[in-house]
Amino acid sequence: MKYKIKIILILFLLPLLMINVSSCKSKSNENAAEEHAEGDGHNHEAEEDHSGHDHADGEHTEQEAHSKTVHLNAAQYKNAGIDTGWFEMKNLSDAINASGYTKLPPQNQADVTSTMGGIVKTIKVIEGQYVKQGQSLATIQSLEYNKIRLEKSKLKESLQSAQANKQYLDVEYNRQKELSEENINAKKTFQKVASELELETKKIVNLLEQIEITDQMLILGGTSKSPVLSINAPISGYVSDIYVKIGSNAETGKPMFTILDNSKMHVDLLIYEKDLFKVKVGQDVRFILTNQNNKEIRGKIKNIGKNFENDTKSVAVHADIIDLNHNLIPGMYVNALVEMGGNKVSSLPADAIIKAEGREFIFIMENEQHEEGEITFARIEVKTGVSQLGNVQVNLLEPIHEGDKIVTKGAFYLQSHLTKESGGGGHAH
């Protein structure tokens, strides 16, 4: 009986126990859920850190601030107009600044004139054309020139007549001399023939001198066989000015052309009184043409003037140009540096330096042909120093290899490309 009562109680209480256990499990799960919810942010952040998203981006951005690369395809590279080079050792600090202009010595300039008046018949050259010494520049129809030609013709006829007469007198002189010595003829006859021979000889000498003078006058026109007077180039060089045209009146002594021989171009620098004692013959000079893309040209001090220029308290210092293959013309304005010592530093053209993010950089060509057809450039941080004549002292803050191709022209394009790409996705490519 007791056993049956126990079984009934168990069967009655079992559902209640099951409900209580289920309730406890539910509460436990809710507490666990709450605890998980409170710590969910921490665990999720840890998972993201493990996956490398936020943390890696931070490291990547910091790395890119120091070194970035630019990739250009063939078309972009061509359009960028990129030039490359290497450091040049230049004296940028221990030097004298000067300005001046290109100049030709007077013996390398010529005004071409006509020695006789006339009318211009032909012009054979144009401005800027190179001509050689003796080359015909123009012809003129000149009455004076043709009168000289006619005079020469008459002189030659007289000379021929005098030479023929002299030949006769030579024979007669010898015959009369023999007769006189044999007392066959009177000495008076012999003396007369001798006198006539002497006069004819002097006449021939005089005619030859006159013909030589006319030849010299005709040679100025090139040839005495032509009825027109040729105006010839007195020196080799370039025709810089033409002052006549067809039908113009060519006046004696008035310039018709100007010829310049630029092979002896030099530079006149104006050195002020305070720097004059520092300048010596033989010192190196570097100068740029301010209107020619700052092209640098080298020279040497040849001589120093001995008087001050009016109102400037400066002295003209002449410098020979070492390399004349620069298409120079007289009067070009230049800025120059007269080097005073050997304190040379590594330098690059100013166009090679770009400023970004508060720092200074240069670009290095890493490879000329990528496997994907791209050309890669790396940005390297540098520190600049003295700047002169378009050149800047450069100190590397990151190592590069000797002979690496440094971008000397087109760096701004690379930086713009880098900025554009970084703005689009934060990574230059």
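Throughout, read-outs are computed from the coordinates displayed, never taken from laboratory work. On a predicted model such as this, the values are computed, not experimentally measured, just so you know. Please note: Cβ atoms are built from the backbone with ideal geometry, for glycine as well, and neighbour counts cover all protein chains shown.
So here's what we get for this one:
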item: Residue order, fewest to most surrounding Cβ atoms within 10 angstrom, among S142, S161; result: S161, S142
item: Cα-based Lys proximity count in segment 148-188, under 28 Å, for pairs eight or more positions apart or on separate chains; result: 8
item: Cross-link partners of K124 among lysines (Cα-Cα below 24 Å; sequence separation of 8 or more within a chain); result: K132, K225, K245, K254
item: Fraction in percent of alpha-carbon pairs per bin - 10 Å, segment 110-258; result: 11, 29, 19, 13, 11, 9, 6, 1
item: Order of E178, E398 - criterion: other Cβ atoms within 10 Å of each residue's Cβ, fewest first; result: E178, E398
item: Fewest-first sequence of E151, E357 by Cβ atoms within 10 Å of each Cβ; result: E357, E151
item: Surrounding net charge for E296, when Lys and Arg each add one and Asp and Glu each subtract one, Cβ distance under 10 Å; result: +3
item: 13 Å beta-carbon shell around I246, net charge (K/R +1, D/E -1); result: +3
